[in-house]
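Some notes on the structure that comes next.
The values are calculated or read from the model by the stated rules, or taken from the named source; none is laboratory data. Values in this document were obtained by computation on a predicted structure and should not be read as measured data. Cβ atoms come from the backbone with ideal geometry, glycine included; neighbour counts cover every protein chain shown.
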Amino acid sequence: MMSKYISDLNSFISQYSKPLSDLISEWRYIAVLSSYWFKSPLCVTQMINAVSGIRFFFETYDLDFFALHIAPYNENRVPGIIILSKGGSDSKLYRCLQPLILTGHIGTVISYELDPNLKRFIGGSISLIEIPRSLDFMLAQISLLIKTVIEASKYRSARVERLIHEMNSLDTVTNDLYEKYRDKLKTIKEAIYDESKKVAIIATCPARSLAEGIVEAIYSEGYFHIDLIDPENIYSVDQLSKYRNIVMLYTETESHIVSRLISQIKMAGNIDLIDLNLKTDPISSSIYFRLLYLFFKERYMDAK
């Protein structure tokens, strides 16, 4: 099943990476705007600056913030815009799309199918890249952004070459990914469904694609004993005293960010710690963490 899914994802990326690459090649500054609460795609966009050479510079904003505080006042430097949405009758997108068009902004929306009342604004300066419902919207958006920037920048380094290889080899690593981390995923499942214990998921930027998926899905089932926390917002381990289960998600590159916190949690003695880290590039890790979420959802949520 997953091999077919990766095949469909690759087809989507192949269809739209070249047109999107051609579009952003006309810009120097690009604002990536999010119409939802998820931070993961914006995190990835910030990291993408490291592999875009000097050709592009990406800025990230909440869509409302950009439309209200920046778009009306940036006459001297109007960036191209990429808007990330979940589609449907996205109220924030509905509120902001026309003002962005009126202020002369050019760009594209990447989302599931839009409500007809929203779709009427598409055309002219704003195009639409429509994600098939068979694909996870966040995985599709993250993967397309990474592939597009690599294609458009023409910048090549050892790191970029590794990313290209990883993007072209998703089908071969997917099964190994699940086999390696399935026990951890099962432990996470057992922790988050134990309503007798307050749970914190502490996730670094690349790991948010897994964390945000779990939190959204769990909340939709009526479980509200879980908090999602950025490690940089933790000033003292005392802040975590109300939790009995903590899930720590990060990449090996970021070990120094969380190592002291992990030691303090272990020393506290009354908190069960689940530690999951990926030994992969932080940029591609966002894809792998999201794939782990899809595994988690299929095996422990959809199967319920």
Of the listed residues (246, 142), the one being at pLDDT 90 or above and under 29 Å from residue 8 (Cβ atoms) is 142
If the requirement is being among the acidic types (Asp, Glu) and part of a helix (DSSP H, G or I), which of these qualifies: 227, 275, 176?
176
Which of the residues spanning region 273-293 are in contact with a strand residue (DSSP E or B) (Cβ under 8 Å, 6 or more places away or on another chain) and basic (Lys, Arg)?
279
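So, residue 280, is that one in contact with a helix residue (DSSP H, G or I) (Cβ under 8 Å, 6 or more places away or on another chain), assigned to a loop (DSSP other than H, G, I, E, B) and of a type in the set (S, T, N, Q) or not?
Details: in contact with a helix residue (DSSP H, G or I) (Cβ under 8 Å, 6 or more places away or on another chain): yes; assigned to a loop (DSSP other than H, G, I, E, B): yes; of a type in the set (S, T, N, Q): yes.
So residue 280 fits the description; yes.
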Within region 197-223, tally of residues that are within 17 Å of residue 245 (Cα to Cα) and assigned to a loop (DSSP other than H, G, I, E, B):
3
Any residue at all in region 127-137 that's loosely packed, with under 13 Cβ neighbours inside 10 Å and within 18 Å of the chain's Cα centre (by Cα)?
yes
Among the residues of region 150-159, how many are farther than 10 Å from residue 53 by Cα, in contact (Cβ under 8 Å) with a residue 24 or more places away in the chain and either buried (at least 24 other Cβ atoms within 10 Å of the Cβ) or out of contact with any Lys or Arg (no Cβ under 9 Å at 6 or more places or on another chain) (or both)?
1
So, in region 1-29, exactly how many residues are in a loop (DSSP other than H, G, I, E, B) and buried (at least 19 other Cβ atoms within 10 Å of the Cβ)?
1
Enumeration of residues in region 81-121 that are among the β-branched types (Val, Ile, Thr), at pLDDT 90 or above and surrounded by fewer than 22 Cβ atoms within 10 Å (Cβ to Cβ)
106, 108
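Name every residue in region 96-145 that is assigned to a helix (DSSP H, G or I) and in contact with an Asp or Glu (Cβ under 7 Å, 6 or more places away or on another chain), in order of residue number.
Answer for region 96-145, where residues must be assigned to a helix (DSSP H, G or I) and in contact with an Asp or Glu (Cβ under 7 Å, 6 or more places away or on another chain): 96, 118.
Results for (1) out of contact with any Gly (no Cβ under 7 Å at 6 or more places or on another chain); (2) in contact (Cβ under 8 Å) with a residue 12 or more places away in the chain; (3) at positive phi, shown as yes or no for each residue.
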| site | (1), (2), (3) |
| --- | --- |
| 30 | no, yes, no |
| 34 | yes, yes, no |
| 48 | yes, yes, no |
| 51 | yes, yes, no |
| 60 | yes, yes, no |
| 69 | yes, no, no |
| 85 | yes, yes, no |
| 102 | yes, no, no |
Within region 30-45, track down each residue that is surrounded by 14 or more Cβ atoms within 10 Å (Cβ to Cβ) and out of contact with any helix residue (DSSP H, G or I) (no Cβ under 7 Å at 6 or more places or on another chain).
36, 42
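Only one of these is over 23 Å from residue 282 (Cα atoms) and under 19 Å from the mean Cα position of the chain (by Cα): 40, 25, 35, 17. Name it. It would help to see each step written out before you state the result.
Numbers: 40 fails: over 23 Å from residue 282 (Cα atoms); 25 fails: under 19 Å from the mean Cα position of the chain (by Cα); 17 fails: over 23 Å from residue 282 (Cα atoms).
Just a single option satisfies the conditions, and that option is 35.
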Look through region 256-273, keep the residues that are small (Gly, Ala, Ser) and surrounded by fewer than 12 Cβ atoms within 10 Å (Cβ to Cβ), and return whichever of them is modelled with the lowest pLDDT.
269
Looking at region 63-70, can you tell me whether even one residue there is over 22 Å from residue 210 (Cβ atoms) and either small (Gly, Ala, Ser) or assigned to a loop (DSSP other than H, G, I, E, B) (or both)?
yes
If residue 242 satisfies all but one of (1) out of contact with any strand residue (DSSP E or B) (no Cβ under 7 Å at 6 or more places or on another chain); (2) assigned to a helix (DSSP H, G or I); (3) more than 19 Å from residue 185 (Cα to Cα), what's the number of the condition it fails?
(2)
